[in-house]
Amino acid sequence: MKRHLAALLLAACAPLHAAEPSTPQPVRLAIDATQVKGPMTPIWAWFGYDEPNYTTAPNGKKLLSDIAALSPVPVYVRAHNLMTSGDGSYALKWGSTNMYSEDKDGKPVYDWTIIDGIFDTYIERGMKPLAQIGFMPEALSQRPQPYRHHWKPGTPYKEIMTGWATPPKDYAKWSELLYQWVKHSVARYGRKEVESWYWEVWNEPDGLYLIAPDTKREYFKMYDYAADAVKRALPTARIGGPHTAGAGRFMDDFLQHCLHETNYATGKTGTPLDFVAFHAKGAPKVVDGIVRMGMDAHFRHLDEGFALVEKYPELKNVPVIIGESDPEGCAACGMQTNPENAYRNGTLYASYTAASIAREYDLAARRGVNLIGAVNWSFEFEDQPWFAGFRDLATNGVNKPVLNVFRMLGKMRGERVAVTGDRAYDAARIQAAGVRGARTDIDALAAKDAHSVSVLVWNYHDDDIIDAGSPVELRIAGIPAQRVQMRHYRIDQEHGNSYAAWKRMGSPANPTPAQVAELQKASELAELAPASTLQTTDGTATVRMQLPRQAVSLVTLTY
């Protein structure tokens with residue numbers, strides 16, 4: 001059994017390279033810059049993580065700077081444990097700010113030192129909090145002991161649900177804490193700044209994160225009291241939820257409660273709901289020694305959430321945030337304990353991210369919902385081996401290939417325009433059956449502004465196999481210029497790929513300073529070739545490329 005598991009892990013850690021001949025005829029993608037589909041809303045400029053104290057670690061600050069630099073708009077950041085009691089140390093799936101305690105007489109003691117350090121780090125970089133009201137301070141927990149957990153990958157997930165995972169034992173004190181937190185934030189950062197944030201209550205109350213006899217009604221009460229406290233401190237603040245793990249009965253009942261039921265805090269009908277948030281995850285697994293992604297499950301969960309919002313006419317224009325939108329659920333579970341997570345180091349995570357974010361626009365449009373954000377729940381983990389297969393954007397301060405997808409998206413401006421192709425999957429087909437079998441998904445997301453057209457192209461398949469891929473021909477029409485400057489960025493085994501560079505070094509457990517410098521260079525967004533000038537014919541430019549399987553390209557044409 002041990003020998004079988006070792007073989008399985010080895011197979012999962014390195015994608016299979018299959019030598020197949022290139023398709024003789026190119027895959028054709030037609031981009032029409034005159035056919036606008038909608039705004040290029042930066043739904044991708046949202047990130048999150050469990051461990052808030054990584055924020056102020058040196059690698060955390062570096063990564064946040066890199067994330068902020070890639071986006072033309074402020075990036076939103078969502079973190080757990082912003083209210084958890086403790087000394088501010090970090091560990092897997094743990095963090096604390098100790099913002100609330102009580103003196104010997106039971107009177108509140110507020111300490112904003114650690115939370116200010118976290119939010120200061122965001123604000124200094126032009127980022128904004130999706131501020132999570134959670135979790136329960138020890139002094140307000142209904143079941144405070146044990147409080148601090150010491151979870152490790154491979155142990156049951158439920159072991160993290162300790163004293164922080166309860167409703168407040170005193171709603172008046174909890175409400176006052178939230179009022180004071182928002183009031184303090186306004187005093188420190190200014191009213192206009194805090195008005196641009198989003199506040200949300202708890203995380204996945206429909207799952208394991210809230211322990212109560214009647215979890216649903218207790219969460220509704222927590223939300224009502226939180227919304228009342230936040231709005232009392234800043235009437236123009238934006239608050240929403242429920243950030244459920246799935247879009248089921250719990251979320252449906254929550255929407256019904258906010259729209260039509262009695263508010264636990266005020267006694268009036270209804271509760272403020274400035275945005276709706278839910279989570280959607282995929283389900284990778286190992287099949288015959290190869291990682292197979294579960295994009296179909298991811299898309300079904302997305303569509304279920306959008307359908308619930310569509311159900312209520314009152315929510316027609318209310319912003320929707322996918323609070324966690326990922327290939328699977330446990331960022332802190334590396335590939336040593338979960339071989340199916342080996343996709344996270346290389347280009348499969350990159351191509352999955354490109355293909356899934358592009359389809360989120362289509363899934364939202366089909367349901368007519370106002371999607372503004374899709375949080376990528378991945379950041380960085382301190383004190384872990386190089387490329388250990390955590391769902392992160394960087395390892396030991398070196399960015400991984402997936403971050404370059406967000407760098408590509410950050411270069412896309414304006415409005416989304418029409419793309420058609422002869423090898424493209426549509427969102428409905430992926431939702432039904434994933435991307436399986438002999439055919440890969442070669443498709444694109446395209447955008448234009450007054451002086452440019454940008455085309456993000458991927459060659460994706462659920463199975464973690466890399467081969468030479470296919471020749472691809474882009475025909476980009478609707479260009480109001482006779483010549484354009486073309487730049488072509490690429491993520492593949494040779495470009496924008498620190499993981500491939502690390503493996504070429506022999507996968508050193510402790511890279512030398514010179515090797516780290518080489519990895520840093522390999523982690524940057526790379527161009528496939530020098531910039532060049534293209535002639536257009538009747539407003540159409542043609543771009544040809546060889547696109548390997550699991551590779552991603554960004555072509556920009558400026559004029």
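The values are calculated or read from the model by the stated rules, or taken from the named source; none is laboratory data. Note that the structure is a prediction, hence the values are computed from the model and not measured. Cβ atoms come from the backbone with ideal geometry, glycine included; neighbour counts cover every protein chain shown. Quick note on the areas: whole protein, heavy atoms, side chains included, nothing else; ligands and nucleic acids left out. Shrake-Rupley method; radii C 1.70, N 1.55, O 1.52, S 1.80 Å.
Taking a threshold of 19 Å on the Cα-Cα distance, which of the pairs K173/K221; K183/K316; K107/K173; K128/K221; K62/K128 fall above it? Kindly include the intermediate steps, with their values, before the conclusion.
Details: K173/K221 14 Å; K183/K316 31 Å; K107/K173 9 Å; K128/K221 27 Å; K62/K128 17 Å.
The pairs that break the limit, which is 19 Å between Cα atoms, are K183/K316; K128/K221.
Evaluate E = 1/(1 + (r/R0)^6) for V287 and D426, where r is the Cβ-Cβ distance and R0 equals 25 Å; express this FRET efficiency to the nearest 0.05. Once the sixth-power term is evaluated, E becomes 0.55. Here K93 is the anchor, and the aspartates and glutamates within straight C-alpha reach of less than 14 Å, apart from those fewer than 8 places off in the same chain, are D50, E51, E159, E380, E382, D383, D392. Extension gain, E304-A481: 0.36 nm per intervening residue step, less the Cα-Cα distance, totals 59.4 nm.
Report, to the nearest whole %, how much of the accessible area of the chain belongs to carbon and sulfur atoms, 1.4 Å probe, protein only. Answer for the chain is 52 percent, counting heavy atoms of protein chains only. Give the calculated FRET efficiency between A531 and R28 to the nearest 0.05, with a Förster radius of 25 Å applied to their Cβ-Cβ distance. So the FRET efficiency works out to roughly 0.55.
Placing pseudo-labels 7 Å out from each Cα toward the beta carbon at A69 and K503 gives an inter-label distance of 2.7 nm. Counting 0.36 nm for each residue step from T236 to R249 and taking away their Cα separation leaves a gain of 1.7 nm. Annotation: extensible slack from A433 through T542 equals 36.0 nm (criterion: 0.36 nm per residue apart, minus Cα-Cα distance). Taking the C-alpha atoms only, the angle from helix 58-70 to the longest principal axis of the chain is near 60 degrees. The lysines whose alpha-carbon is closer than 19 Å to the alpha-carbon of K448, local same-chain residues fewer than 8 away aside, are K37, K411. Among the trypsin sites (Lys or Arg not before Pro) in the stretch 232-323, those placed in a DSSP loop whose Cβ has at most 12 other Cβ atoms within 10 Å are K268, K316. Compared with the dominant principal axis of the Cα atoms in the chain, helix 2-13 is inclined by about 70°.
Between helix 513-523 and the chain there is an angle of about 80 degrees, using the helix long axis and the longest principal axis of the Cα atoms. Here's how it looks for C333: its modeled amide H is under 5 Å from those of R391, which are all 5 or more places away or on a different chain. Summed over qualifying helices (DSSP H, 4 residues or more, each -39500 (n - 2.57)) and divided by its residue number, the chain shows a 222 nm mean residue ellipticity of -9000 deg cm²/dmol.
Here each label is just a point 7 Å from Cα along the line to Cβ, and for Y157 and K183 those points are 3.9 nm apart.
Mean separation of Cα pairs under 8 Å and 6 or more residues apart, divided by the residue count, gives the chain a relative contact order of 18 percent. In this structure, N370 and Y559 have a Cβ-Cβ separation that, at R0 = 35 Å, corresponds to a calculated FRET efficiency of about 0.65. Model label points for T512 and K104, set 7 angstrom from Cα along the Cα-to-Cβ axis, are 6.1 nm apart. What the chain shows is 37 Å² of accessible area per residue, with the surface traced by a 1.4 Å probe over protein heavy atoms.
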